[in-house]
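Step one of this worksheet: look at the structure below.
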């Protein structure tokens, strides 16, 4: 235990060193960020004026005094207690606007930082600097330098696909008004920064900013009622109009054109590389509110979003393509599409007529898919009596006719504008928009399948069987056509619900196409029987067909390996599955691709940061080898959260840090929470972040990015040892320290996450207090809010210290890995980011919420010791005390605006104290919710 704690006790603990001392900003760095600080001052000044005018001088003075004091705390001019004392006797009517002020500032500072990154990139481009890593331009240059042949590129990228999968998150609850206002502020700031304005124009922009910030101030940041899955569905869909409809088709078109030009004989097809996925409404693991009605709502809402977009684009396109037949020629195919001939006077504008017929057929398609009230009266009238399209491919074929006609008239520039985006949009989004994955926990499958087998008279006690017996029974069922149940069968509520959900998925596939529900994911998958149980459910819904020994299923069954043990056994589970002839035949029918999902969150919760990261890497190596031995293609689905404790961190670095052969042109990755808004809320950011995913996927598929050469096996053995040591240190705290669960639940806002109706999903899978049953999001979110950030670093310092000991050779080995191995670089860099965001001084305030003083001192002492040890070991290995030496953007955040988080944390602690003392009032509850939302916004990757 550190001297400061042991000598004075946790209650009197003060940090001996500030984390800012490990974030070095020199004069050059300050000069480069001066435009950023100017933007923050501008937006903060307008916000301050709005607060003063609409909430009063007293609130404004309190906010301003707290802001000044927070910066004085950072400069060690005053003690943190002096700032905290401002809030001890503060009534809730004043506390809430103070919290809102700092939360809004965090949101505005995020916008300013995003704009500054754009500004810096533009400066580099105009200066003629080489393209920056993570950009597609840099990737193309790397491929050219590598001298790759067309065959190699074709083999790696023939079926390339990158799928960001949008998932729900309890802290991403921003209302549409807030969402739209922040986008308008972004556009105004961009305009002001790029345009030489007259004084009058500048005043007009400033007034526009003031209107938007005033709107934000007078709009509730969070809803009073509990967030529902329907709310989450709507929130996820808003990103399509905001950015995806515009950006995804453009990128898909540009990447395909560039690769075709550079590698004309690679045999690359015309399928889009980027497709979209979603879990919102299909992920029922631990969420009892997902029902068959919710699955139907999710798939129908997505499809309606896609079809409505296509209808609107067709209408606009018809207005734009005004070419007259008197001035251009018209082919028979175009006239046929327009259902006219050259003698018809109405055919003078053949493109418009053809597009109106296409739109009428699409409106008829929509009438078949959706209820009448889902369509406008014009669309219902337009589609009346018209032939509906069978699928999106038929619509695309008609658009291809229009495209060919334009090109035959040498109108390529017109064809390559809106029509090209629409064709690519139809190719990408189809009639389904995005693929909804269904997910359930293996324990639920076991219970339901046991009931179905008993009802059908197959076996009375499935749960009593060993693994071999289970596999035998399930395999027999999957090779027989007869179902286990019939309509009207009297089953338990659970079985009825599960069958209803899978049946709803089958209906979505029938109506919107197989891409509407592409995957069925099995959480906590530990065995072959876990996979087969899910397949039996798919069979009951009609999605799996035994097909006389050549099984067919449009839905891929995807095992999710989550715990460290499951990751270690994942390859053997895959091997055992592939040894079942009927399953091997199924994989063959699914393009010979087996998808595996890797769980970053539960493996971290299970074994800690270092052990989880290495277990994932090792699992990928083993899975790649197993897939190669069996002649199948592996597609990995990375279940990453926004925060480092759940696999977060820069996506480009994370993908390049994958082991050789793990990417193979395909990548699926979850995106959630504040990360979605940060990446995809508007087109510029969305394009940059989607390009990053593509760039890393292409590089990982075609270039040697591991960099270990002949040293790989010894490096793997070293990491085996380090991971074991790290897991031991982590387990000693989390699993073996008496009272740790009590410390965790009382020193963080965990219980309030569930009690305050944050998010649609319960905080735990089961009603227990075991860490293993707690969902990963509240586990990480709680540590993040309290600024401990434990899942992102704990145990790593001890592992390094024990492994190195006094051996300078071992220290040099780790230094070499840091210099040469992307995996180790990424592990160290992400850990440093978390350490930079952590604050043991603030964590100490949360520790005071623990009633048991002995428990408080014991656990907090261990945390502080390990925190200091980890920072020291980071410095020894990397050779720098600057935790953010390789992350200029985060360095700006930590240095320039992290002091603004101080009041939010201190007010959260104060309100938690009152809430737990019995002050359960609406304002106290709302204040806690607002602090959680504000901190999540400010930290940008909270859970």
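Rounded, prolate or oblate: which fits segment 263-378 when a ≥ b ≥ c are the square roots of the eigenvalues of the alpha-carbon gyration tensor, with rounded for a/c under 1.5 and prolate only if a/b beats b/c?
oblate
Rounded to the nearest 0.05, what FRET efficiency do residue 480 and residue 418 give with R0 = 45 Å and r taken as the Cβ-Cβ distance? Could you check?
Computed FRET efficiency for residue 480 and residue 418 comes out at 0.30.
What nm distance separates the two modelled labels at residue 454 and residue 85, each placed 7 Å from Cα along Cα→Cβ?
Distance between the two pseudo-spin positions: 6.6 nm.
Taking 0.36 nm per residue of separation and subtracting the Cα-Cα distance, what length does fully extending residue 336 through residue 807 add?
161.5 nm
To the nearest 0.05, how large is the calculated FRET efficiency for residue 195 and residue 876 if R₀ is 51 Å and r is the Cβ-Cβ distance?
About 0.55, to the nearest 0.05.
Plugging the Kirkwood radius over Cα pairs into Stokes-Einstein for segment 303-366, at a temperature of 4 °C and a viscosity of 1.567 mPa s, what D comes out in µm²/s?
In µm²/s, the coefficient rounds to 106.
With n ≥ 4 as the cut-off for DSSP H runs, can you work out [θ] at 222 nm for the chain, using -39500 (n - 2.57) per run divided by the number of residues, rounded to the nearest 500?
Details: 41 runs with 579 residues, N = 943.
It lands at -20000 deg cm²/dmol.
For labels at residue 572 and residue 234 in the simple 7 Å Cα→Cβ model, what's the distance in nm?
5.0 nm
For a quick check: sort 891, 837 by the number of other beta carbons within 10 angstrom, fewest at the front. Working shown, then result.
Numbers: 891 21, 837 26.
Fewest-to-most Cβ neighbours within 10 Å comes out as 891, 837.
Restricting to Cα atoms and excluding each atom paired with itself, what does the Kirkwood estimate give for segment 71-164 in Å?
19.1 Å
Fully extended, how many nm does the chain gain between residue 731 and residue 816 (0.36 nm per residue separation, minus their Cα-Cα distance)?
Numbers: separation 85, 0.36 × 85 = 30.60 nm, distance 2.85 nm.
So the extension gain works out to 27.8 nm.
With each label point set 7 Å from Cα along the Cα-Cβ vector, what nm distance links residue 289 and residue 123?
Going by the 7 Å Cα→Cβ label model, 4.5 nm.
Please give the contour-minus-distance gain from residue 885 to residue 206: 0.36 nm per residue of separation, less the Cα-Cα distance, rounded to one decimal in nm.
240.9 nm
Fewest to most neighbouring Cβ within 10 Å: what's the order for 228, 503, 139, 808? Could you put the intermediate results ahead of the total?
Details: 228 14, 503 18, 139 25, 808 9.
Ordered by Cβ neighbours within 10 Å, fewest first: 808, 228, 503, 139.
How much space per residue, in cubic angstrom, does the convex hull of the C-alpha atoms of segment 303-429 take up?
96 Å³
So what is the relative contact order for segment 303-429, in percent, with contacts set as C-alpha pairs under 8 Å and at least six apart?
This gives 26 percent for segment 303-429.
If each residue's Cβ is checked for other Cβ atoms within 10 Å, how do 434, 235 rank with the fewest at the top?
Fewest-to-most Cβ neighbours within 10 Å comes out as 235, 434.
Calculated FRET efficiency, residue 150 and residue 741, Cβ-Cβ r, R0 60 Å, to nearest 0.05? Numbers along the way, then the final one.
Details: r = 58 Å, r/R0 = 0.97.
In this case the efficiency is close to 0.55.
Read-outs throughout are calculated quantities, based only on the coordinates presented, and are distinct from any laboratory measurement. Not measured: the values here are computed from a predicted model. Every residue, glycine as well, gets a Cβ built from its backbone with ideal geometry; the counts of neighbours run over all protein chains shown.
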